[in-house]
Amino acid sequence: QVQLVESGGGSARAGGSLRLSCVVSPYTAMNPAMGWFRQAPGKQREGVALLDCDGTTSYADSVKGRFTISKDRAKNTLYLQMNSLGPEDTAIYYCANEGRVRTTSVTLANMDPRYWGQGTQVTVSS
């Protein structure tokens, strides 16, 4: 069973930065595709960033050039570096894990998460 524990959320001013972390267990769960999703009040959950098994990344258009997804196998941790934040980035952010390695290329369009973190609040003020 996969467990995802998030941290790093909080408040930031417009133009600022935050880095979200997601500690993944067991260590074998670092192999499947993983990603970050967010849900703002009154809006549907959206995929933000995706990291496939082969290291390929994909991003929502709204965050391209500002957010970077990465992982550190030595620390069993998935990261989301968020720069140039704006109020539109205010949301609860969730890390997600597919729970199994798939042969097909995984993108935000076809990602099939089976495990989710508890969520961490990100609030960006003007």
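The values are calculated or read from the model by the stated rules, or taken from the named source; none is laboratory data. Just so you know, these numbers come straight off a predicted model, no measurement behind them. Because the Cβ atoms are built from the backbone with ideal geometry, glycine has one as well, and the counts that use them run over all protein chains shown. The accessibility values were calculated without ligands, DNA or RNA, using every heavy atom of the protein model including side chains. Shrake-Rupley method; radii C 1.70, N 1.55, O 1.52, S 1.80 Å.
Yes/no per residue for (1) open to solvent by less than 10 Å² (accessible area, probe 1.4 Å); (2) outside any strand (DSSP E or B); (3) farther than 16 Å from P32 by Cα:
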position: D54; (1), (2), (3): no, yes, no
position: S62; (1), (2), (3): no, yes, yes
position: G65; (1), (2), (3): no, yes, yes
position: L80; (1), (2), (3): yes, no, yes
position: A96; (1), (2), (3): yes, no, no
position: T103; (1), (2), (3): no, yes, no
position: M111; (1), (2), (3): no, yes, no
Worksheet item: Within the set of pairs 6+ apart or on separate chains, which have a first residue in the stretch 8-24 that is within 20 Å of W116 (Cβ to Cβ), a second that is in a loop (DSSP other than H, G, I, E, B) and not hydrophobic (A, V, I, L, M, F, W, C), and C-beta atoms under 7 Å apart?
Response: L18/G8; R19/G8; L20/G8; L20/G9; S21/G8; C22/G117; V23/N76; V24/N76
Worksheet item: In the stretch 3-52, what count of residues is obtained for those that are part of a helix (DSSP H, G or I), of a type in the set (A, V, I, L, M) and open to solvent by 70 Å² or more (accessible area, probe 1.4 Å)?
Response: 0
Worksheet item: Counting just the residues of the stretch 114-126 that are of a type outside the set (V, I, T), at pLDDT 95 or above and open to solvent by 30 Å² or more (accessible area, probe 1.4 Å), which one comes out nearest to A14 (Cα to Cα)?
Response: S125
